[in-house]
1. Name the lysines eligible as straight-distance cross-link partners of A:K46: C-alpha to C-alpha under 17 Å, and not fewer than 8 places from it in the same chain.
2. If you take each beta carbon of peptide A:106-112 and count the beta carbons of other chains within 10 angstrom, what is the mean?
3. Assign unit charges at the C-beta atoms only (+1 for Lys and Arg, -1 for Asp and Glu), then state the dipole size of chain B relative to its Cα centre in Debye, rounded to the nearest 20.
4. Would you mind checking the range B:56-81 for residues with the amide N under 11 Å from a putative spin-label position 7 Å along Cα→C-beta of B:W119?
5. How do the peptides A:145-153, A:11-19, B:168-176 rank, highest first, by the average count of neighbouring beta carbon atoms within 10 Å per residue?
6. Using just the helices of the protein assembly as shown, give the 222 nm mean residue ellipticity in deg cm²/dmol: DSSP H runs with n ≥ 4 each add -39,500 (n - 2.57), and the total is spread over all residues, rounded to 500.
7. Using packing as a proxy for protection, rank B:8-14, B:241-247 so that the peptide with the highest average count of other Cβ atoms within 10 Å comes first.
8. Once you charge only the Cβ atoms, +1 for Lys and Arg and -1 for Asp and Glu, what is the size of the charge dipole of the protein assembly as shown about its Cα centre, to the nearest 20 debye?
Amino acid sequence: MPVRVADVVRRFTSQAAAPVEVLAGISLEVAASAFVALLGPSGCGKSTLLRLVAGLDSPDGGSVVVDGRPVRRRESPDHVAFVFQEAHLLPWRTLRKNVELPLELRGMAAAERRDRALNMLERVGLADARERYPAQLSGGMQLRGSLARALVTDPRLLLLDEPFAALDEITRQRLDGLIQELWHERRFTALFVTHSLREAVFLAERAVMLSRRPAHIVADRAIELPADRSAELRASPAYNEKVERLYQDLLIAEGGA
Amino acid sequence: MTARRLRALAARLLPPLGAALALLVVWELWVRWADPPRFLFCAPSEIWRDATARAGELAAATWNTAVAVLWGFALSAVVGVATAVVLSSSRWAERAVYPFTVILQTVPLVAIAPMLVIWLHAGIQAVAVCGFIVSLFPVITNTLSGIRSIPQPQVELFWLYGARPWAVLWKLKLPGAIPSIMAGFRIAAGLAVIGAVVGEFVAGELGAKRGLGIVVVVAAKQGELPMLFAAVALASLLGIALVGGVNAAAYLLMYRWHVSERPD
C-alpha cells in the first residue's frame, strides 16, 4: 500500500513553553511492498511521523496520503496495523483473545477469528501459550503476541515503532528474522522506526535518516543486499559497510547539519 | 482443598479471631472485677444474654436494615459507574457535573434525611436512598480514575481498528477500570451500611419494619446498654459481610489476570 507524505509539519504546543517544531516539512514516498527503516537521533520525531501515517495524530501542515486517501487523527487507513514500543496486550484477555481483538472489532464470526488467531500464534511460536494471560508471559513473548495481533488482520501497511528496543540481542535478532520471513510471505508495506542501525540494515530495503528536531531528511539510501537475508549476512563485509555508511549519516544527523 | 491451602486460610483467619477473643475475655474479666454501674458499661456475657433473649427482634431488624443497605449499595454501584462512564466521555461533562458530585460528599446526611422523609415518607425507600447518597461518591471517583488510567496506546489500538464507542466501553473502558471499580465498591459497601443506619435515626420506620438504627435509638432512650452493643455489632457484621461479598466478586473477576488478586 503506497504511502505519500508531503511537506508534513508537526508542532507540539504546551501551555508552559513555546511551541516545539518536531517535523519541519518532511516529504517521503514509499512504494507498495517496500520495507523502509526510519532512523535518527532519539527524540527526533521518527515516532511522530509514524503516528501521523497511522492516523493517531494530525499534521499541522502538509498531508499524509495512504493508498490514495488522506489520513487524519482518528481516521486511520484501512488495512493498517501498528506495533507499539511495548506490547500493550489487554491484561484481562488471554493471549488468544488478544490476538482475536482486531478481528472481533471488525465483526468477524467467532469460529473464524479463533482459527485465524491460532494460526498466527502458531506462526510466531506461541501456540502453547495461547490460553495464558499477559502477566504470565515474558516480555519477548508479549511482544511476539503483539506482533501476532498486528498481523492477524493481514495488513497491507505495517507500522513498527521501535518494537524490540527493550529486548536482549538474541531475542531481538530472532524477532527481526521472523518479521523478515513474514514480509517475504505477505509483501505488506513496512515502515520500521528503530535506533539500531544493524537492525535497519538487516531488515530494510531503504533507510531514511532524520535530523534532530525540527526534523528534516538528511539521507535516504537504498540498502542493496540480497533480498533473502539470513543470519550469516550479519557477518559479511557488505553488511558492515552499509552499517558504517548509516553511522556516518547519523553523525551528520546528530550535528543537526 | 489441599493441606497447604487450609493452612494458608487458617493463617489469614486465626489472628483476627484470636485478637477478638482476647479482647472479649479481657473485657469480661474487667467488668466482673471493676463492676461498673450497668447504665455505663456492661459485659459481653450480658450482651449475649439480652441479645439471645430478643433474638427474633434483632434478626428482623438486621434483615430490614440489610435490605435497605443492599438497595442503597446496588443503586450507587449502577448509578456511580454509569455517571463515571458519561463523565469520562467528555472533559466538558466532567467539568460541568463533577463539582456537584462533591456536594454529595460534603453535605451531612442528617441534614438531607428530613427532606427524604418529606418526599419518600419514612421507611425503607428513604433509608435506602440515605445509603445510596453516602456511598455514591467513591464509586464515581474510583471508576473515573480507573477509566482515565487506561494506557493511551490501548485506546489508540481501538481507534486503529475503527472500534465503535460501545465496543470501546465494553471491551476496554469497563474491563480496564475493574480494579478501580472494585476499590470504589469496597469503600461504598461500608458507607452504605453507615448511611442506612444513620438514615434510620431520622427516616426509619417505627412499626414492624424497624431496622438496626431504630433499635439503637430505642435502646439508647431506655438505657438498654446490652441491646445498644448488640445492634452496633450486628451493623458492623452487616458491613463485613457486604465488603466480603465485594471482595469475592473482585476475586472472581480478576484472579486470573490482576496482581492484586494473585494468591501469594
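1. none
2. Other-chain Cβ atoms within 10 Å of each residue's Cβ, averaged: 1.
3. 800
4. Within reach of a label on B:W119: no residues.
5. Result, highest mean Cβ count within 10 Å first: A:145-153, B:168-176, A:11-19.
6. After summing the helix terms and dividing by residue count, I get -19500 deg cm²/dmol.
7. Packing order, densest peptide first, comes out as B:241-247, B:8-14.
8. Once rounded to the nearest 20, the dipole reads 720 debye.
Values in this text are rule-based calculations from the coordinates and carry no lab data. All values reported here derive from a predicted model rather than from experimental measurement. Because the Cβ atoms are built from the backbone with ideal geometry, glycine has one as well, and the counts that use them run over all protein chains shown.
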